[in-house]
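Contents: one structure, followed by commentary.
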Amino acid sequence: PAFVVEGAEKVTQREGELRYRVIRLHAQGGLGEVFVAKDQELNREVALKEIQERFADHDESRARFKLEAEITGNLEHPGIVPVYGLGQYADGRPYYAMRFIRGDSLKDAIDSFHARYRGRLIDGEAGLELRKLLRRFVDVCNAMEYAHSRGVLHRDLKPGNIILGKYGETLVVDWGLAKAQSQSEAYDASVGPFVPSSSSGATPTLVGSAVGTPAYMSPEQAAGKVRELGPATDVYSLGATLFHLLTGQLPIAGKTRLEIVKKAEMGEIRRPREVCADVPKSLEAVCLKAMAKEPGKRLGSPKAMADDIEHWLADESVSCLADPFSVRVRRWMKRHRTLVGSSAAAVAVLITSLIVLLALVASHNQTLDAKNRQLDQANTSLQIANASERAAKEYADQIRGDAETARD
């Protein structure tokens, strides 16, 4: 295909016919730039990515760009943007066309969420919106689990490289720093590992160079330990992305790139609840486990991370935090609502019966008390009458005695 300029528009020509007509610039990254273009053959809008002109004559940059296209095109998953085709202009500059995604980045969604709710995560509408974001994050984990099953590391996972489509799509984009690992690793046998073609001409990353975005880099990545990078490296970046989602801030604060890289290398991260007190303890535990300094102490895979988030969404315990007894009791009661409801009804009937019985007993006791008071009053009256009778008799006896004395 030939590269043609018509006024302000750039087009690619294939077999004498125009295939892609550039409409406007959409985004620009470190190596490439993305245009919205019209696919003339299928009458649809696509994203057309090409290498920036300042890197156009660099063989290494061209090789890296072709590898990015090849990796992205081979990762056929709903969570990874599909590639439609790879080509090059007349001057040898590569480009590739892919699906154009209408939507915002996860970073935009996180910023909007925290600007609106300002540290409230759980209650009411905020809790519902948080759950929506976490479900998107689970989609990202599943996409990365698939990429790892093909032996591919992303090495630059962050909210800005995750696009949220208008109709529920969640896609991981920008695989420019991706790396295909050695075939000695364990892969999904049903699909097999991804093996770059010899035409991609990819050059290895130099040992000692820190590639990626500093605030989301794992310690081994920040230290430039290229040979130690593995799936745990992406798990760390997923943890850093979760940190940003929960707090609205970066896990590592610093004024310069060098300062942030140094802190990342030392594992100097903040605890999510120190930044936002409303972060649930279980989610904080998942985040910190994923961002452990030692790769072997992190969550085992993106799937393990997705499972923990799913458990939290289902109000179940997560793998990296033992819940208090009161929380376990509450969850048991929630799972056994029928039993708890019937038991509660039986207890309510028992309590009601006891209340009625106690009321009857109390009423009976009141009646007895009234009768006892009447008996006491009657006894008192009788005693008074007897005393009066004795006094009258004594008085009569005294009068008779006085009368007899007077006659004598």
Q) How much length, in nm to one decimal, is gained on full extension between Glu389 and Val347, taken as 0.36 nm per residue of separation minus their Cα-Cα distance? A) 8.9 nm
Q) Who wins for biggest fluctuation among His77, His364, His244 in a Gaussian network model of the chain, springs between alpha carbons below 10 Å? A) His364
Q) Taking a threshold of 29 Å on the Cα-Cα distance, which of the pairs Lys166/Lys281; Lys66/Lys132; Lys179/Lys262; Lys107/Lys293; Lys179/Lys263 fall above it? A) Lys166/Lys281; Lys66/Lys132
Q | Most fluctuating residue given options Ser342, Ser353, Ser149, as computed from a GNM of the chain linking Cα atoms under 10 Å | A | Ser353
Q.
Test of understanding: in a Gaussian network model of the chain with alpha carbons linked when under 10 Å, which of Asp139, Asp123, Asp111 would top the mean-square fluctuation ranking?
A. Asp123
Q: Over region 252-321, average the accessible area per residue using a 1.4 Å probe and give it in Å², no decimals.
A: 51
Q. Distance in nm between label sites at Lys293 and Ala359, each 7 Å beyond Cα in the beta-carbon direction?
A. 6.8
Q: Could you look at the chain and say what percent of its accessible area is carbon and sulfur, using a 1.4 Å probe and all protein chains?
A: 53
Q. Which whole-number percent is the relative contact order of the chain (Cα, under 8 Å, 6+ apart)?
A. 11
**Q.** Cβ crowding within 10 Å averaged over residues, with 53-59, 263-269, 277-283, 87-93 ranked highest first
**A.** 263-269, 277-283, 87-93, 53-59
**Q.** Semi-axis lengths, Å, the chain, gyration tensor of Cα atoms, sqrt of 5 times eigenvalues
**A.** 86, 23, 19
Q. Where does each of 167-174, 386-393 land if you order them by average Cβ count within 10 Å, highest first?
A. 167-174, 386-393
Q: Determine the per residue accessible area of region 23-120 with all protein chains present and a 1.4 angstrom probe, expressed in square angstrom.
A: 49
Q. Which whole-number value in Å³ per residue fits the convex hull of the alpha carbons of region 100-165?
A. 94
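The values are calculated or read from the model by the stated rules, or taken from the named source; none is laboratory data. Being a predicted model, the structure only gives us computed values, none of them experimental. Because the Cβ atoms are built from the backbone with ideal geometry, glycine has one as well, and the counts that use them run over all protein chains shown. Side chains included, ligands, DNA and RNA excluded: accessible areas come from the protein's heavy atoms. Shrake-Rupley method; radii C 1.70, N 1.55, O 1.52, S 1.80 Å.
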